[in-house]
Amino acid sequence: TTPPPPTIETTTTASATSTTPPPQIGATLPPPDSPTAAFSVLGVVFVGALAVACGGVWCRRRRKAPPPSDLEGGGTTDPSSAGAGAPVAPPPDVPSLGRPLGAGSTAAPSPADPGAAGAPLPDVNVHRVVRPDRWCVTPRQLHQFLEQVESAYPDEDPSAYKVVDELIRPRTAALSCSWALMANPEGVEVTHFVTHAWAEGVKSFCRSVLERIDEGGIWICFLANPQSWTSDDLGQLLGVNPFQSPFFLALSRASEVLVVRNDRVNLYTRLWCVFELWAANIEGVPIVPAGSNPPSIDVSAMGYNAVCSSERDTSMLRRAMRSRGSPDDINMWIGRVLFHS
């Protein structure tokens, strides 16, 4: 026979009839063979499975995002060599330069293989580190340079234009620096600033300088400035204000300005030379002449009327000189230097 249904205890109050609550956590569970126990087990399994599923979703949402790649983080890994970690040099704002020769450095790389073993490591260009007034050579180094010119051109006295193109630029291209800083990575303090015209014979020029100077740093533009740079890069190095250019900074710290005249061209018709002489007047730097002027001189093309090879430089220099004096003042000063030296 079917057993009688269990009796449910009730408590009657004035407001309602309540059922005895189910066992709480920690209370005695029903016998395992009872229907209540079966439902309890199924409930536990269901709740557990739900918790695992929810926990997995939560974990997936909370999982930390993978770190960005080197490129995303601004690193230097080339995407074409993913997995290899091949370094890619960041784009330089100035021409690349190997670490100057000196302690911890080795021979300069060849232009064809700048990454060859033993080559200097990439570094900030030395012209951005060493002050312009230290872009000098010593008298001994100038004499060694003269010997190289004599060896390369035994039968002629080449102009500075030719020597720069055929000797200086190829020798300094790998390091992307000037001849002076190739010889002196930390620079040499200026003593003598040299003004001259590039159309001169370089052999005659060097001899004129060495006859007058036997010690101290010598600042010569074609040896001081990096001749392998592009015209745009050189323009950035020289700037737009000649009174803040490497030329002026070196001249203003020199003990004298050596004016090396020559018999090929009147240097007073070259506007950079005129500017340097005018700057020497402003800064009170003594002017010392050397060499001889050409046989004939066209005074009308001198002074403020002088020109540069570049129209841009001509306009820039005239504008700068007018800021420190009138054209008449400039012409009067150049005439004094020409006829009283």
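Quick note: the coordinates plus some simple rules give every number you see, no bench work behind them. On a predicted model such as this, the values are computed, not experimentally measured, just so you know. Backbone-built Cβ (ideal geometry, glycine too); neighbour counts: all protein chains shown.
Going by what's in this entry, would A197 be described as closer than 23 Å to R312 by Cα and part of a helix (DSSP H, G or I)?
Values: closer than 23 Å to R312 by Cα: yes; part of a helix (DSSP H, G or I): no.
No: the conditions fail for A197.
Inside the range 227-298, counting only helices (runs of 4 or more DSSP H) that do not spill past its ends, which hold 3 or more residues that are free of Cβ contacts under 8 Å to residues at least 24 places away in the same chain? Lay out the reasoning, then the answer.
Working: elements: 231-238, 246-253, 271-283.
By residue number, 231-238.
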Would you confirm whether any residue within the range 146-169 is among the polar types (S, T, N, Q), over 21 Å from V274 (Cβ atoms) and in contact with a Gly (Cβ under 9 Å, 6 or more places away or on another chain)?
no
Being of a type in the set (A, V, I, L, M) and within 20 Å of Q244 (Cα to Cα) is the filter here, so list the residues in the range 280-306 that pass it.
A280, I282, V285
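Counting only residues that are surrounded by fewer than 19 Cβ atoms within 10 Å (Cβ to Cβ) and in a helix (DSSP H, G or I), how many does the range 300-330 have?
So the first thing to find is which residues in the range 300-330 are surrounded by fewer than 19 Cβ atoms within 10 Å (Cβ to Cβ), and the list is 300-301, 305, 307-315, 319, 322-329.
Right, trim to in a helix (DSSP H, G or I) and you get 300-301, 305, 311-315, 319, 322, 327-329.
Counting residues in the range 300-330 that are surrounded by fewer than 19 Cβ atoms within 10 Å (Cβ to Cβ) and in a helix (DSSP H, G or I) gives 13.
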Every residue from the range 140-185 that is more than 19 Å from L234 (Cα to Cα), touching a residue at least 24 places away in the same chain (Cβ under 8 Å), assigned to a helix (DSSP H, G or I) and of a type in the set (D, E, K, R)
E150
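Name the one entry in N225, N293 that is surrounded by 20 or more Cβ atoms within 10 Å (Cβ to Cβ) and either among the polar types (S, T, N, Q) or more than 36 Å from the chain's Cα centre (by Cα) (or both). Step through it out loud before you land on a result.
Numbers: N293 fails: surrounded by 20 or more Cβ atoms within 10 Å (Cβ to Cβ).
Going through N225, N293 in turn, just one is surrounded by 20 or more Cβ atoms within 10 Å (Cβ to Cβ) and either among the polar types (S, T, N, Q) or more than 36 Å from the chain's Cα centre (by Cα) (or both): N225.
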I'd like to know if the range 247-261 contains one or more residues that are out of contact with any Asp or Glu (no Cβ under 6 Å at 6 or more places or on another chain), farther than 14 Å from A197 by Cα, surrounded by 14 or more Cβ atoms within 10 Å (Cβ to Cβ) and charged (D, E, K, R).
yes
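Within the range 275-288, which residues are under 14 Å from R336 (Cα atoms) and touching a Leu at 6+ places or on another chain (Cβ under 8 Å)? It would help to see each step written out before you state the result.
Within the range 275-288, the subset under 14 Å from R336 (Cα atoms) is 277-278, 280-281, 286-288.
Scanning the range 275-288 gives A280, I287, V288.
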